[in-house]
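Undergrad: Here it is: the structure, laid out below.
Taken together, the values in this text are just the output of simple stated rules run on the coordinates, not laboratory data. As the structure is a computational prediction, the values presented were derived from the model and not from experiment. As a convention, Cβ positions derive from the backbone with ideal geometry for all residues, glycine included, and neighbour counts pool all protein chains shown.
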Amino acid sequence: MSRKPRSQRLPPKLPDPANERPERLDSGPNPRELLKQHHVAGRSLRFGRDEVLSIMRRVEHGVPNALYGLPPFPGLTREQVAAAVEVQYGWEGDGPRARIAPARTVDGFTAAVSRILEVARDGGRCAFATARPAALLQLYRRLAVCAAAEGAEVLTGQETVGFGRNGRRVRWIDDVAVLTDGAALLADDSVEGAEEWLFTLARPDLVVADHSYAGVASASGLEVVAFADLDAVALAVAAWQGRALRIVPLDDRRPPPSYAGLLDLLDSLAAVPVDPLCGHLAAGGVGAETTT
């Protein structure tokens, strides 16, 4: 085979920059992966299957300390409780450990933030309270700041007088209600504390809370965003039955930095522009895709 003289050879073809694909940057783990890595969702570190099944039976039978201030559910069956748990937590009762599907947490948080922003941009009243301040106070504070920045009236009150045997009282820290004994913040699920909290406030348009704060607010006919661990099956049942209750399922006893993925998601959602035609977040924004 003869070769062309060097003078007749074509120059090497250079790549066309217009056809080149940019290098894919590693953006790190997505929110679902972060939640799983930090045990905010995924396989529970605290609850086994049998524990959650026991809670489900107590909710079915209307045991007061399993209802978090909600009234009993007349005619509730075990199958209906199981259906509510599957819908809200994404767990079918299989395996020795209970689970929260990370996609359910992301979807629930996205829907919750969208509703908080909607109420805020309409100038509505929002109230925030947590029975798990060691874990969730930082997250609630950021939600309250975001709501206020978008136009909400965030309701707070004066520290209440002491009530109960130990003189507990409700105190607001950066617009988030918590229970204290005067020396420490308390992880307390008492209905009494939640009732005292609501009594001090003007009627909110939206409550963002957990445990008895969420249950008492819902029982009072208020719209609620409820952060719910696997022990809060009653809240999941109430949402499944159609109450004005949005569930964000998550482990509510993790160290505050564990919720960084949700804080990042909050920043993304708050940055999505409002659709001027309907006042809602623009379609196709962060969190618009729903997965299981």
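Undergrad: How high is the FRET efficiency between residue 45 and residue 202 when r is their beta carbon distance and R₀ equals 51 Å, given to the nearest 0.05?
TA: Computed FRET efficiency for residue 45 and residue 202: 0.85.
Undergrad: Could you list 140, 89 in order of exposure, starting from the residue whose Cβ has the fewest other Cβ atoms within 10 Å?
TA: Details: 140 24, 89 27.
Arranged by neighbour count, lowest to highest, 140, 89 become 140, 89.
Undergrad: Using θ = phi - 60° and the Karplus relation 6.51 cos²θ - 1.76 cosθ + 1.60, list the HN-Hα couplings for the stretch 169-184 in order, rounded to whole Hz, with x at every Gly or Pro.
TA: Once θ is set to phi - 60°, the couplings for the stretch 169-184 become 8, 8, 10, 9, 10, 6, 6, 10, 7, 9, 9, 9, 9, x, 10, 8 Hz.
Undergrad: When the convex hull of the Cα atoms of the stretch 31-271 is projected onto a plane and the area is averaged over all directions, what value comes out in nm²? Let's see the in-between values first.
TA: Details: hull surface 47.9 nm².
If I average the Cα hull's projected area over directions, I get 12.0 nm².
Undergrad: Once fully extended, how much extra length lies between residue 61 and residue 264, figured as 0.36 nm per residue of separation less the alpha-carbon to alpha-carbon distance? Walk me through the numbers on the way to the answer.
TA: Numbers: separation 203, 0.36 × 203 = 73.08 nm, distance 3.96 nm.
Value of the extension gain: 69.1 nm.
Undergrad: Note down the relative contact order for the stretch 31-271 as a percent, whole number, built from C-alpha pairs under 8 angstrom at least six residues apart.
TA: Numbers: 483 pairs, mean separation 64.3, N = 241.
Here the relative contact order equals 27 percent.
Undergrad: Can I ask one more? Taking every pair of distinct Cα atoms and averaging 1/r, then inverting, what Kirkwood hydrodynamic radius in Å comes out for the stretch 96-229? Provide the component values of the computation, followed by the final result.
TA: Working: mean 1/r = 0.0665 Å⁻¹.
About 15.0 Å, per the Kirkwood formula over Cα pairs.
Undergrad: Can you check how the C-alpha radius of gyration of the stretch 27-79 compares to 2.2 N^0.38 Å, as a plain ratio?
TA: The stretch 27-79 yields a ratio of 1.60.
Undergrad: Net charge around residue 158, counting only other residues with Cβ within less than 14 Å of its Cβ (Lys, Arg = +1; Asp, Glu = -1)? Intermediate values should be presented prior to the final figure.
TA: Values: positive: 169, 171; negative: 159, 175, 196.
Neighbour charge sum, excluding residue 158 itself: -1.
Undergrad: By count of other Cβ within 10 Å, fewest leading, how are 259, 213 ordered? All intermediate terms of the calculation are to be shown ahead of the outcome.
TA: Details: 259 26, 213 32.
In increasing order of surrounding Cβ atoms, one gets 259, 213.
Undergrad: Express in whole angstrom the spacing between the alpha-carbon centres of the stretch 85-130 and the stretch 145-160.
TA: Distance between centres, Cα-based: 21 Å.
Undergrad: Let's test the formula: R0 of 51 Å, r as the Cβ-Cβ distance of residue 141 and residue 86. What FRET efficiency results, to the nearest 0.05? Don't jump to the answer; show the numbers that get you there.
TA: On the way: r = 32 Å, r/R0 = 0.63.
With a Förster radius of 51 Å, E is 0.95.
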